[in-house]
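Written out below as structure tokens is the structure these notes cover.
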Amino acid sequence: MEVPAQLRMIIFGTFLLYTAILLGIGVYSQRSMQKVALANYVDEFYTAGRGMGALVVALMIAAGLCSAGTFLGGPGLGYAVGLAWALAGFSQVFMNFCVLGGVGKKIGIVARRIKAQSYLDILIHRYERNPIVGLLGVLSMVVFMGAYVTSQFVGGARLFESMTGFPYWLGLVLFSVVVLIYAAFGGMKGVSLAVIVQGLVMTIAVLVLFFAAMGRLMPLESAIRKIGQLDPKLISPWTWKPQYEFSMWVVFGLVTISLPHGVLPTLTYKNTKAMRSAIVLGTVFVVLWTLMLIWMGNLTRALIPNLKVPDHAIPSLAMTVLPPWLTGVVLAGVAGAIQSTVGAMILVISATIVRDAYLAFINPKATAQQLKSVTQITTIAICAIIFLAALNPPKALEWVIVFAIGGLASSYFFPMLLGLYWWRANEYGAIAGMVGGLVTYMLIKGKILPALAFGMDPIVTSLVVSGLLVVVVSLLTPQPSKRVVLTYFGKGVPEEM
Amino acid sequence: MKDLDSRNYDIRDIEIDPRFKIAYKEMLLTLGVWFLFMVVSLVVAYTLGKGPVDQYTYVLGMPAWWFGAIVVTLFFAVIVIYISQFVFTDVELTDEPTKAPTIRNRNN
């Protein structure tokens, strides 16, 4: 992107202001965490004492799941592939409904029974604290999510570099250090306060950009016809075969139920009234963001037909139609989308390591003081490793990213969904389903057995394989223990779990 | 303790928490609505979007299929909001002994 020097300074200034606000939140939440009693520290840190209201839960899910994809990658594909892709984007608009309506109530009750602090806690307790389930979970969570977080930072810092002209490392510092401060020192409290600012900035950025762009594009019909003349594929759904479009809907819509950073808020909401309101609020936010942003990616073609990097569609559009300081707000919106996802993911990784690795395998009898220190040290260490990895992205990173979200989704979807709603599912079925789903996904995605995709995204076949394995293997092996069935289906916890 | 680890018991002897039955029904409704949304969106888009692009009809400046997909999405947004407010029920999240009447279900 060619950006005039003066514009760069204004964009940079607006972005700094946004960063300063987040820094304030970081300091505030760190202070407020210091006041928390030692015994409640871990509970407060990971799930904010299960007291979160509707707006925060709505935004945690919406902004947590909407990452750089919604602001950069998604519109970029709208620009490069066309409206067929934008249609697939619609699949995610009801993510709050899918997560909260699908698993919210059940997890809300079970999490209180077993005192779950992490997504993996729910699975591990359900599957008899089986060490293989635990180990598989910890490994896949740390590797996949760690790589994903790193890639989000890399994307954000590159965008910062090209919009402001300042060096990559400075972008990385500004993008990441604030998150590290409010996540590592403020925990869920920091992340949930920040997400309100981020959600607000994202919404302002989207609305301003949409109406400014529409103003420039009028009359709309001739703008769209112009795009159709560039390449008819850009405005036809038939660019993708219906079965491929279907698989994209599964990837972006359905599997949100099993993504740990999306499910995280179900551990934190205060009561079911807040949960139901969170569906309403979340639906409004995500419909606005998705519809407007991904469509705009496509419409950018009419104004700027020859972008070298399609992912720059939204930033380039912003620079074309908005005054400089509002362009800075759009950059802040992108940053917000990235940081909110990253914040949630860092908490997931940290909770996984502390709860499901340290407490489960290394030191089951840790004292409250030890747990507090381990929680802090782990979270800071994760942040430091991710920062270093993003500073000089390792080659393996891109390889892991290819498998990250699809791999997570295809290994967790059925073990989670069936575990919550089908009493007969047991640990043998879960292990078979987790491994089977992931292996199938890798075989297809890694182009070893591409034919198994049947013209769709590999996730569909992987999900089918994983689901069948959970069911068949569970039925062939003993039913789950009475303790588990009582806790997850019965009327109460039999004893201290 | 020993009894709780048992894997030999009759599931019909375990009382199912009525809240979990509600949660189960709501999950089915959620997935059902989402699948319906997907099917309707895809059918609308792929039928209205058939044929050569330069002969598309336009509604409010948009190709008819795209306009249709937006209308379907907004329509389902209203349904989702309605369901969350008037169909989904409130339950107590903690296990208080006073709450929830006892239901013994032999069929489940």
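The numbers here are math on the coordinates, done by the rules we state, and not lab data. Values in this document were obtained by computation on a predicted structure and should not be read as measured data. When we count neighbours, we look across all protein chains shown, and the Cβ atoms used for this are built from the backbone with ideal geometry, even at glycine.
Points worth noting:
- Between the alpha-carbon centres of the range B:38-70 and the range A:448-470 there is a gap of 30 Å.
- Restraint check, A:K105/A:K445; A:K115/B:K25; A:K270/A:K491, Cα-Cα greater than 28 Å: A:K105/A:K445
- Note on the protein assembly as shown: dipole from Cβ charges, positive end direction compared against A:L420, B:N8, A:F454; the farthest Cα belongs to B:N8.
- Paramagnetic reach from A:Q243 (point 7 Å along Cα→Cβ, amide N under 17 Å) across the range A:431-453: A:444-445, A:449-453
- The range B:1-29 and the range A:409-431 have Cα centres lying 15 Å from one another.
- What you get for chain A, charging only the Cβ of Lys and Arg (+1) and of Asp and Glu (-1), is a dipole of about 820 debye around the Cα centre.
- Extension gain for A:V27-A:K308 works out to 97.2 nm (0.36 nm per residue, less the C-alpha to C-alpha distance).
- Estimated FRET transfer efficiency (A:K35, A:D231; beta-carbon r; R0 41 Å; 0.05): 0.10
- Förster radius 22 Å - calculated FRET efficiency between A:V402 and B:T47, Cβ distance, rounded to 0.05: 0.05
- Selection from A:L135, A:A409, A:S236, by position along the positive dipole direction of the protein assembly as shown (Cβ): A:L135
- Proxy reagent accessibility, fewest Cβ within 10 Å first, across A:L293, A:L452: A:L452, A:L293
- Table column - 3J(HN,Hα) (Hz), the range A:162-169, Karplus curve with 6.51, -1.76, 1.60, x for Gly and Pro: 7, 8, 10, x, 6, x, 3, 4
- Amide H within-cut-off set for B:V59, under 5 Å, with H built and near neighbours excluded: B:A64
- Mean residue ellipticity (222 nm) of chain A, computed from DSSP H runs ≥ 4 via -39,500 (n - 2.57), nearest 500: -24000 deg cm²/dmol
- Over all other residues within a Cβ to Cβ distance under 10 Å of B:I83, the charged ones net out to 0, with Lys and Arg as +1 and Asp and Glu as -1.
- A:L486, A:L100, A:L17, A:L317 arranged by Cβ crowding within 10 Å, fewest neighbours leading: A:L17, A:L486, A:L317, A:L100
- Scalar couplings 3J(HN,Hα) for the range A:409-416, obtained by applying the Karplus form with A = 6.51, B = -1.76, C = 1.60 to θ = phi - 60°, are 5, 6, 8, 9, 3, 6, x, 6 Hz; x denotes Gly and Pro.
- Of the residues B:D5, A:D356, the one with the fewest other Cβ atoms within 10 Å heads the list, and the complete ranking is B:D5, A:D356.
- For B:I16, nonlocal amide neighbours, meaning residues 5 or more places apart or on other chains whose placed amide H falls under 5 Å from its own, are B:N105.
- For the pair A:A451 and B:L29, label points projected 7 Å from Cα toward Cβ lie 4.6 nm apart.
- Centre separation in Å (Cα based) which lies between the range A:391-408 and the range A:183-228: 27
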